[in-house]
Amino acid sequence: MFVDEATIFVKGGDGGAGVTSFRREKHVPKGGPDGGDGGHGGDVILQADGSVSSLLDYHYKRHYKAQRGQHGKGAVRHGANGDELVLAVPLGTVVRDAETGELIGDLIVHGERLVVAQGGRGGRGNIHFVTPTRRAPAFSELGEPAQGRWISLEMKLMADAALVGMPSVGKSSLIARMSAARPKIADYPFTTLTPNLGVVRAGEHSFVIADVPGLIEGASEGKGLGHAFLRHIERTALIVHVVDLTGGYEQRAPLDDIKVIDEELSAHAEGLADRPRIIAGNKADMPGTEAASVDVRTYAEELGIPYFEVSAVTGEGVDQLVLAIGERVHELRLAAAKAEAAKPRGVYRARPEAERRIDIERTGAHSFTVRGKGVERMVIMTEKDNEEALAYLQKRLVKAGVEDALVQAGARDGDEIEIAGVTFEFSSALAEDEEVGYIEDEPEFARADEHGESGPEDDGTDWQ
């Protein structure tokens with residue numbers, strides 16, 4: 001079963017919680033905090049795999065979740081990180097956010113990986129919150145909930161050349177003659193319901209060719225098989241337009257067929273009709289095709305398009321067509337590689353601006369909503385029933401610039417402020433001298449060892 005579209009839900013693993021713990025030993029009075037960090041949750045990753053030929057697996061199972069991070073423990077024992085979840089997808093898979101349609105990534109190289117749902121950060125244990133004025137912090141961080149979302153997967157064939165044309169012009173017969181592919185061949189329209197791929201050897205070169213199901217007028221609007229297979233032509237470097245010189249059962253004019261297909265390609269994607277092309281006049285062995293062949297040849301010469309008379313049944317002209325396709329594909333590959341090498345490479349940024357961005361929205365006469373990935377994470381990972389943790393959060397928000405942004409937006413003492421679903425009363429009278437730790441750059445936490453071992457399982461003991 002060939003499946004080239006799927007919509008799935010992916011969710012990273014939640015981060016483990018840090019622990020509030022103090023060292024308690026017989027001869028070590030006031031041992032100080034020793035709470036370990038929670039482990040980071042695993043990511044959900046899509047990986048392009050050349051051995052996967054369709055999205056069939058994601059047609060039956062639609063929900064995927066990575067492993068969560070383990071909670072921290074006392075004696076500075078850090079929780080293990082959750083395992084990442086790697087999902088194999090075919091080469092040429094386009095990934096989009098199912099709700100917004102935003103392009104997330106395009107996997108075209110074997111082994112290429114794309115994180116589609118990040119795991120949550122592990123919370124820090126109370127050992128991280130010691131300052132000269134706070135010697136025994138009685139709070140730690142909660143784990144960060146992981147990202148979850150619906151994504152759409154769309155497979156586009158990774159072929160060097162594509163055979164296109166009206167139904168029953170002989171595309172399947174031609175690919176069977178050119179390669180080892182054995183598609184269904186019958187004497188009625190729309191025999192081919194799924195694309196077929198074949199590997200062709202052409203002298204010193206080889207290429208992958210696709211037999212795309214027949215197109216009809218209105219295909220770009222969804223008529224016939226429409227959009228379901230037009231997208232498989234988008235990635236091909238070369239289009240081989242197969243035309244029936246006999247006119248078929250409907251006695252269509254071959255030139256009209258060529259113009260109809262060109263219009264549909266142009267309507268589906270900008271520039272697709274301008275893709276390098278070769279025209280193949282099939283069924284040249286049939287009597288009465290000479291005049292039609294002359295018309296098509298004249299049309300191709302006027303546009304500077306190579307034209308070949310072939311017969312998929314007898315093999316007439318097929319070898320010359322294969323060599324021409326191989327040579328042209330080779331030229332296009334070299335040009336594409338040169339263009340790719342000339343592209344400027346992006347600059348790595350260790351801290352995305354989106355992490356620091358703060359958006360303030362007035363929701364009422366005396367109410368505001370604060371949005372921003374960084375500040376929302378601070379609130380989510382704070383113990384809401386711990387007064388010391390809330391006081392620490394308030395100072396972190398001040399240092400992150402939330403107070404200044406609210407004042408500029410018109411907030412006054414006593415106004416209601418909502419961040420990540422939690423409501424606060426705005427007050428600008430805050431202590432500013434106490435150290436509050438890392439605000440802009442959350443550090444990666446040290447681990448007990450590379451394998452994530454964190455000691456015996458938690459027996460429920462309160463480490464405080």
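I'm trying to understand the selection: among the residues of the range 80-104, which are part of a loop (DSSP other than H, G, I, E, B), hydrophobic (A, V, I, L, M, F, W, C) and over 24 Å from ARG121 (Cα atoms)?
Across the range 80-104, the qualifying residues are LEU91, ALA98.
Tell me yes or no: at least one residue of the range 6-15 is out of contact with any helix residue (DSSP H, G or I) (no Cβ under 8 Å at 6 or more places or on another chain), over 26 Å from ASP83 (Cβ atoms), assigned by TED's automatic domain parsing to the domain that holds LEU114 and surrounded by fewer than 22 Cβ atoms within 10 Å (Cβ to Cβ).
Within the range 6-15, none of the residues are out of contact with any helix residue (DSSP H, G or I) (no Cβ under 8 Å at 6 or more places or on another chain), over 26 Å from ASP83 (Cβ atoms), assigned by TED's automatic domain parsing to the domain that holds LEU114 and surrounded by fewer than 22 Cβ atoms within 10 Å (Cβ to Cβ).
Only one of ILE417, ILE439 is modelled with pLDDT of 75 or more and either surrounded by 11 or more Cβ atoms within 10 Å (Cβ to Cβ) or over 38 Å from the mean Cα position of the chain (by Cα) (or both); which?
None of the others qualify; the one that does is ILE417.
Return yes when ASP274 is in contact with a Lys or Arg (Cβ under 8 Å, 6 or more places away or on another chain), within 26 Å of VAL199 (Cα to Cα) and either among the hydrophobic types (A, V, I, L, M, F, W, C) or at pLDDT below 90 (or both) and no when it is not.
No, not satisfied.
Quick check on my filter: what residues within the range 282-331 are within 20 Å of SER168 (Cα to Cα), in contact with a strand residue (DSSP E or B) (Cβ under 8 Å, 6 or more places away or on another chain) and surrounded by fewer than 18 Cβ atoms within 10 Å (Cβ to Cβ)?
SER293, GLU316 - these are the residues of the range 282-331 that are within 20 Å of SER168 (Cα to Cα), in contact with a strand residue (DSSP E or B) (Cβ under 8 Å, 6 or more places away or on another chain) and surrounded by fewer than 18 Cβ atoms within 10 Å (Cβ to Cβ).
Yes/no per residue for (1) more than 30 Å from VAL313 (Cβ to Cβ); (2) part of a loop (DSSP other than H, G, I, E, B); (3) modelled with pLDDT under 90:
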position: HIS110; (1), (2), (3): yes, yes, yes
position: LEU114; (1), (2), (3): yes, no, no
position: GLY122; (1), (2), (3): yes, yes, no
position: SER172; (1), (2), (3): no, no, yes
position: ILE185; (1), (2), (3): no, yes, yes
position: TYR188; (1), (2), (3): no, yes, yes
position: LEU193; (1), (2), (3): no, yes, yes
position: GLY198; (1), (2), (3): no, no, yes
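Can you pull out the residues in the range 234-245 that are surrounded by fewer than 23 Cβ atoms within 10 Å (Cβ to Cβ) and more than 23 Å from GLU302 (Cβ to Cβ)?
Across the range 234-245, the qualifying residues are GLU234, ARG235, ALA237.
Just one of VAL109, VAL76, VAL95 is in contact with a strand residue (DSSP E or B) (Cβ under 8 Å, 6 or more places away or on another chain), crowded, with 16+ Cβ neighbours inside 10 Å and outside the structural domain of GLU376 (by TED's automatic domain parsing); which is it?
The match here is VAL95.
Please go through (1) touching a residue at least 24 places away in the same chain (Cβ under 8 Å); (2) part of a loop (DSSP other than H, G, I, E, B) for GLY31 and return the number of the only condition it doesn't satisfy.
The failed condition is (1).
Report every pair of residues separated by at least 6 positions or lying on different chains whose Cβ atoms are under 6 Å apart, first residue within the range 270-299 and in the same structural domain as THR314 (by TED's automatic domain parsing), second of a type in the set (Gly, Ala, Ser) and part of a helix (DSSP H, G or I).
As it stands, the answer is ALA273/SER266; ILE279/ALA300; GLY281/SER293, since those pairs meet every condition given.
Filter the range 1-50 for residues that are closer than 18 Å to GLU141 by Cα, of a type in the set (Asp, Glu) and in contact with a Pro (Cβ under 9 Å, 6 or more places away or on another chain) and give the result.
Of everything in the range 1-50, just one residue is closer than 18 Å to GLU141 by Cα, of a type in the set (Asp, Glu) and in contact with a Pro (Cβ under 9 Å, 6 or more places away or on another chain), namely ASP14.
Report, by residue number, each residue of the range 338-361 that is at pLDDT 75 or above and either touching a helix residue (DSSP H, G or I) at 6+ places or on another chain (Cβ under 6 Å) or assigned to a helix (DSSP H, G or I) (or both). Walk me through it before giving the result.
Residues of the range 338-361 at pLDDT 75 or above: 338-339, 356-361.
Answer for the range 338-361, where residues must be at pLDDT 75 or above and either touching a helix residue (DSSP H, G or I) at 6+ places or on another chain (Cβ under 6 Å) or assigned to a helix (DSSP H, G or I) (or both): LYS338, ALA339, ARG356, ILE358, ILE360.
Checking ALA159 against (1) modelled with pLDDT of 90 or more; (2) buried (at least 23 other Cβ atoms within 10 Å of the Cβ); (3) part of a loop (DSSP other than H, G, I, E, B): exactly one of these is not met. Which one?
Just one mismatch for ALA159, condition (1).
Checking the conditions here, which among ILE108, ILE45 is β-branched (Val, Ile, Thr) and more than 16 Å from PHE9 (Cβ to Cβ)?
None of the other options fit; the residue is ILE108.
Tell me whether the range 140-155 contains one or more residues that are at pLDDT below 90, surrounded by fewer than 21 Cβ atoms within 10 Å (Cβ to Cβ) and not hydroxyl-bearing (Ser, Thr, Tyr). Don't jump to the end; show me each part of the working.
Quick first cut of the range 140-155, residues at pLDDT below 90 only: 147, 154-155.
The next check asks that each one be surrounded by fewer than 21 Cβ atoms within 10 Å (Cβ to Cβ); those that pass are 147, 154.
Remaining after also requiring not hydroxyl-bearing (Ser, Thr, Tyr): 147, 154.
Within the range 140-155, one or more residues are at pLDDT below 90, surrounded by fewer than 21 Cβ atoms within 10 Å (Cβ to Cβ) and not hydroxyl-bearing (Ser, Thr, Tyr).
Has the range 39-51 got any residue that is assigned by TED's automatic domain parsing to the domain that holds ASN126, hydrophobic (A, V, I, L, M, F, W, C), assigned to a loop (DSSP other than H, G, I, E, B) and buried (at least 17 other Cβ atoms within 10 Å of the Cβ)?
Among the residues of the range 39-51, not one is assigned by TED's automatic domain parsing to the domain that holds ASN126, hydrophobic (A, V, I, L, M, F, W, C), assigned to a loop (DSSP other than H, G, I, E, B) and buried (at least 17 other Cβ atoms within 10 Å of the Cβ), which makes the answer no.
The values are calculated or read from the model by the stated rules, or taken from the named source; none is laboratory data. Computed from a predicted model, the values in this text were never measured in an experiment. All Cβ positions, even for glycine, are placed from backbone atoms using ideal geometry, and neighbour counts span all protein chains on display.
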